[in-house]
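First the structure, in the form of structure tokens, and then the observations on it.
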Amino acid sequence: MHQKDCRNIVILTGAGVSAESGLDTFRDNGGLWEQHRVEDVATPEAFARDPHLVQRFYNLRRKALLESAEPNGAHVALADFEKRYSKAGLGEFTLVTQNVDDLHERAGSQQLLHMHGELLKIRCQQSARVYECREDIAVENPCPCCESPGQLRPDIVWFGEMPMFMDEIEQALSRCDIFIAIGTSGQVYPAAGFVQMAKAYGAHTVELNLEASGSQFDEGHYGPATEVVPRYFNSLLASG
Ligand code: APR
């Protein structure tokens, strides 16, 4: 695949891109969902049933992100590629992430859609206003807008909820010439369906992952993200 063929690029990242930054993936051994039942911590029903447990779960994840995670070589390579690609005016660049961490931003990514929300944001359930959040949230905390306790929730897309930015993502996919999925197991829809959508629009599809996810990509490169991602994007630029 030569750079001159890649006019519009859509990249989808998942937990695998942040694994080497020390953040647990969801479905690997010892991953987040092995320690918690999804239905206890990541559904609207769980929040209604036990908001303390849900807030604690996200408080711990937020703390781990802020205190011990740094962007790794894969995040940096993506941000660097975006800068060079945009500067050269080669086409549209869209980075979609399922990750709720801020490691892409910290590495310098600009065009970024957080389809599953962000750990460093909270939302008022009444007004839908969104606030930056770098602290633990207690259920008793009063909301800044409505001043009632119990209204603030993580600005995270839980199971059973609609992912964010779907219109923008579908438009980008409809125009894309190359679709690259990085560090995702392809088990959660709608993101898992992006490869088929991209193909239907005529895009070349590429997977960069620790191991083959089993989804049908045209091309795959396997190994740790910090190795595979810089190598792949350098070769994409060099081949132009
Ligand atoms: N480098 C590259 N890939 C890796 C690495 C690594 N160092 N470590 C793990 N992986 C791969 C795994 O092989 C797996 O295919 O990353 C993938 C992680 O898959 P999941 O844990 O299922 O994470 P993800 O695909 O992002 O999950 C999607 O599911 O639970 C929901 O909302 C949550 O956004 C999440 C969504």
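Observations, loosely collected:
- Filtered residues of region 173-203 (kept if in contact (Cβ under 8 Å) with a residue 60 or more places away in the chain and β-branched (Val, Ile, Thr)): Ile178, Ile180, Ile182, Thr184, Val188
- Number of residues in region 195-230 that are surrounded by 22 or more Cβ atoms within 10 Å (Cβ to Cβ) and touching a Cys at 6+ places or on another chain (Cβ under 8 Å): the value is 2.
- Residue ID - nearest to the ligand (Cβ to nearest atom), chosen from residues in region 146-183 that are touching a strand residue (DSSP E or B) at 6+ places or on another chain (Cβ under 7 Å) and of a type in the set (Phe, Trp, Tyr): Phe165
- Residue within region 20-36 that is touching a helix residue (DSSP H, G or I) at 6+ places or on another chain (Cβ under 6 Å), touching a residue at least 24 places away in the same chain (Cβ under 8 Å) and among the aliphatic types (A, V, I, L, M) present: no
- Tally of residues being of a type outside the set (Val, Ile, Thr), assigned to a helix (DSSP H, G or I) and within 13 Å of Ala74 (Cα to Cα) across region 191-230: 3
- Against the test of being in contact (Cβ under 8 Å) with a residue 24 or more places away in the chain, in the same structural domain as Glu140 (by TED's automatic domain parsing) and either within 22 Å of Ser235 (Cβ to Cβ) or within 16 Å of the ligand (Cβ to nearest atom) (or both), the options Ala107, Ala64 yield a single qualifying residue, Ala64.
- Helices (runs of 4 or more DSSP H) contained entirely in region 1-55, each with at least 1 residues that are at pLDDT 95 or above: 44-49
- Counting only strands (runs of 3 or more DSSP E) that fall entirely inside region 103-148 and contain at least 3 residues that are surrounded by 14 or more Cβ atoms within 10 Å (Cβ to Cβ), the qualifying elements are 112-114, 117-124.
- Test set (1) within 16 Å of the ligand (Cβ to nearest atom); (2) touching a Cys at 6+ places or on another chain (Cβ under 7 Å) - Cys143 fails condition number: (1)
- Screening region 153-172 for residues that are touching a residue at least 60 places away in the same chain (Cβ under 8 Å) and assigned to a strand (DSSP E or B) and picking the one that is farthest from Gly202 (Cα to Cα) gives Arg153.
- Among the residues making up region 37-46, those that are more than 10 Å from the ligand (Cβ to nearest atom), in contact (Cβ under 8 Å) with a residue 40 or more places away in the chain and surrounded by 15 or more Cβ atoms within 10 Å (Cβ to Cβ) are Thr43, Ala46.
- Counted residues, region 80-102 - those being in a loop (DSSP other than H, G, I, E, B) and under 16 Å from the mean Cα position of the chain (by Cα): 5
- The set of residues in region 209-240 being farther than 21 Å from Gly91 by Cα and of a type in the set (A, V, I, L, M, F, W, C) consists of Leu210, Ala212, Phe217, Ala225, Val228.
- Residue satisfying condition, being in contact with a helix residue (DSSP H, G or I) (Cβ under 9 Å, 6 or more places away or on another chain) and under 22 Å from Ala107 (Cα atoms), within set Ala46, Ala88, Ala42: Ala88
- Of the listed requirements (1) surrounded by fewer than 19 Cβ atoms within 10 Å (Cβ to Cβ); (2) in contact (Cβ under 8 Å) with a residue 24 or more places away in the chain; (3) over 18 Å from the mean Cα position of the chain (by Cα); (4) part of a helix (DSSP H, G or I), Phe233 misses just one: (1).
The values are calculated or read from the model by the stated rules, or taken from the named source; none is laboratory data. The shown structure was predicted, so the numbers you read here are calculated from the model rather than taken from an experiment. As a convention, Cβ positions derive from the backbone with ideal geometry for all residues, glycine included, and neighbour counts pool all protein chains shown.
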